[in-house]
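> Below you'll find the structure I mean.
The values are calculated or read from the model by the stated rules, or taken from the named source; none is laboratory data. All values reported here derive from a predicted model rather than from experimental measurement. A quick note on method: Cβ atoms are made from the backbone with ideal geometry, for glycine too, and the neighbour counts reach across all protein chains shown. Surface areas here come from the heavy atoms of the whole protein model, side chains and all, with no ligands, DNA or RNA. Shrake-Rupley method; radii C 1.70, N 1.55, O 1.52, S 1.80 Å.
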Amino acid sequence: MDFYDKDIVSIRDFTRDEIEQILDLSEVMIPYANGDKVKRPLDGRILGNLFFEPSTRTKLSFESAALRLGAEVIDVSQMSMTSISKGETLADTIRMVDTYCDVIVLRHPHEGAARLAAKFSINPVINAGDGAGSHPTQTLLDLFTMRREKGSIDGLNIVLVGDLKYGRTVHSLADALAMFGARLTFVAPESLQMPEDTVRHIGERGCSPRKTDCLEEVIDDADVLYVTRIQKERFPDPDEYQKVAGMYRVDNAMLREAKSDLIVMHPLPRIDEIAPEVDRTPHAKYFDQAFNGIPVRMALLCAVLGGKM
Ligand code: CP
């Protein structure tokens, strides 16, 4: 795939080869991402960072990625500070911002918002999370982390635990892992299990996941434990949230049952689903994972803007 001028809306738009192209370019970006080397292939380009939902990692790592490559950033962090609060549509907002920058990164509370934005923007749109929909750039950095830590993703036994219904990162991730021939286990209470659409999609790619609500049952043969937060803000009924809050907590006692080379990942933010004591074990990879957002987003920005490294 020639990524130049392309929208990045869903991981389903990528083939495995295309994902690997981005992961390979992300590897090249590492010394530039941590400041050991400097190159400015995007000098003179502008990133428009529109974040209509809270974010720490995605927003700041896109900014850092752009700045490391020599681009400038304009940004909005709250819908209430834009003319959307006066009734302007997302389509009109995107038409305007499109003329102020060269690439738009959009986080929005509504599923499908990035696809809609891509229809109205001439410049590329990158989906930074659309409601409970998907989060393709998170998936790319998750895959990058797995590949770096494990050497290869093929055949890994990967357990996804927590809020698989509202957690958009796991929707995109399951789609991608099915392309890589990973073995998947979904751990969640029935009310928060993986949506049927994702289960059907990965099934068409030959992946039939195990499902359970008991993490202790499956942790012993996992290679990767991908933990997610219960997405309190997406529950229509607060009582339903209370029924599942705090249901899973990974701590050192639980990890004694795991393989010695198990890696624990989390897209973050975490609340109480990973005990802080786990941070000091060799299993903990979630902070490395968060750093990996920079080289991966550098690779994406370079690819869609035609920057040459
Ligand atoms: N992982 C992730 O999307 O984090 P933020 O919500 O802080 O961007």
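> Just to be sure, is residue 191 among the polar types (S, T, N, Q) and at pLDDT 95 or above?
Considered against the rule, which asks whether it is among the polar types (S, T, N, Q) and at pLDDT 95 or above, residue 191 comes out as no.
> Would you mention how many residues in region 262-289 are under 13 Å from residue 142 (Cβ atoms) and surrounded by 19 or more Cβ atoms within 10 Å (Cβ to Cβ)?
Residues in region 262-289 being under 13 Å from residue 142 (Cβ atoms) and surrounded by 19 or more Cβ atoms within 10 Å (Cβ to Cβ): 8 in total.
> Which residue is nearest to the ligand (Cβ to nearest atom), if the candidates are limited to region 290-306 and must be open to solvent by 20 Å² or more (accessible area, probe 1.4 Å) and in contact with a helix residue (DSSP H, G or I) (Cβ under 6 Å, 6 or more places away or on another chain)?
Result: 290.
> Confirm whether residue 52 is within 16 Å of the ligand (Cβ to nearest atom), surrounded by 14 or more Cβ atoms within 10 Å (Cβ to Cβ) and among the aromatic types (Phe, Trp, Tyr).
For residue 52, the condition - within 16 Å of the ligand (Cβ to nearest atom), surrounded by 14 or more Cβ atoms within 10 Å (Cβ to Cβ) and among the aromatic types (Phe, Trp, Tyr) - is met.
> Follow-up question, since we're still on this one. Please determine, by comparing only the residues of region 75-117 that are farther than 25 Å from residue 171 by Cα and basic (Lys, Arg), which one is farthest from the chain's Cα centre (by Cα).
86
The rows are residues; the columns are (1) in contact with a Lys or Arg (Cβ under 6 Å, 6 or more places away or on another chain); (2) more than 16 Å from the ligand (Cβ to nearest atom); (3) under 24 Å from residue 129 (Cα atoms).
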site	(1), (2), (3)
203	no, yes, yes
212	no, yes, no
231	no, no, yes
257	no, yes, no
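> So which of 129, 181, 112, 167 ends up being at positive phi and outside the structural domain of residue 57 (by TED's automatic domain parsing)?
On inspection, the qualifying residue turns out to be 181.
> Search region 55-85 for residues being closer than 21 Å to residue 112 by Cβ and at pLDDT 95 or above, and hand back the single one that is farthest from the ligand (Cβ to nearest atom).
62
> Does any residue in region 73-93 that is among the acidic types (Asp, Glu) come within less than 8 Å, Cβ to Cβ, of a residue that is at pLDDT below 90 six or more places away or on a different chain, and which pairs are these?
Cβ pairs passing all conditions: 88/82.
Per-residue answers, yes or no, for (1) of a type in the set (Phe, Trp, Tyr); (2) assigned to a strand (DSSP E or B); (3) within 16 Å of the ligand (Cβ to nearest atom); (4) in contact with a Lys or Arg (Cβ under 9 Å, 6 or more places away or on another chain):
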residue	(1), (2), (3), (4)
115	no, no, no, no
126	no, yes, yes, yes
129	no, yes, yes, yes
133	no, no, yes, yes
137	no, no, yes, yes
140	no, no, yes, yes
149	no, no, no, yes
152	no, no, no, no
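> Run residue 25 past the list (1) open to solvent by 80 Å² or more (accessible area, probe 1.4 Å); (2) within 24 Å of residue 176 (Cα to Cα); (3) not basic (Lys, Arg) and report the number of the one that doesn't hold.
Among (1) open to solvent by 80 Å² or more (accessible area, probe 1.4 Å); (2) within 24 Å of residue 176 (Cα to Cα); (3) not basic (Lys, Arg), residue 25 violates only (1).
> Does region 204-213 contain at least one residue that is farther than 15 Å from residue 153 by Cβ, in contact with a Leu (Cβ under 6 Å, 6 or more places away or on another chain), surrounded by 20 or more Cβ atoms within 10 Å (Cβ to Cβ) and not acidic (Asp, Glu)?
For region 204-213, residues farther than 15 Å from residue 153 by Cβ, in contact with a Leu (Cβ under 6 Å, 6 or more places away or on another chain), surrounded by 20 or more Cβ atoms within 10 Å (Cβ to Cβ) and not acidic (Asp, Glu): present.
> What pairs come up if the first residue lies in region 41-61 and is under 11 Å from residue 128 (Cα atoms) and part of a loop (DSSP other than H, G, I, E, B), the second is within 8 Å of the ligand (Cβ to nearest atom) and not small (Gly, Ala, Ser), and their beta carbons are under 7 Å apart, counting only those six or more places apart or on different chains?
Once the first residue is under 11 Å from residue 128 (Cα atoms) and part of a loop (DSSP other than H, G, I, E, B) and sits in region 41-61, its partners that are within 8 Å of the ligand (Cβ to nearest atom) and not small (Gly, Ala, Ser) give 52/107; 53/107; 55/107.
> Which of the residues that make up region 155-177 are within 15 Å of the ligand (Cβ to nearest atom) and open to solvent by 10 Å² or more (accessible area, probe 1.4 Å)?
166, 168, 169, 171
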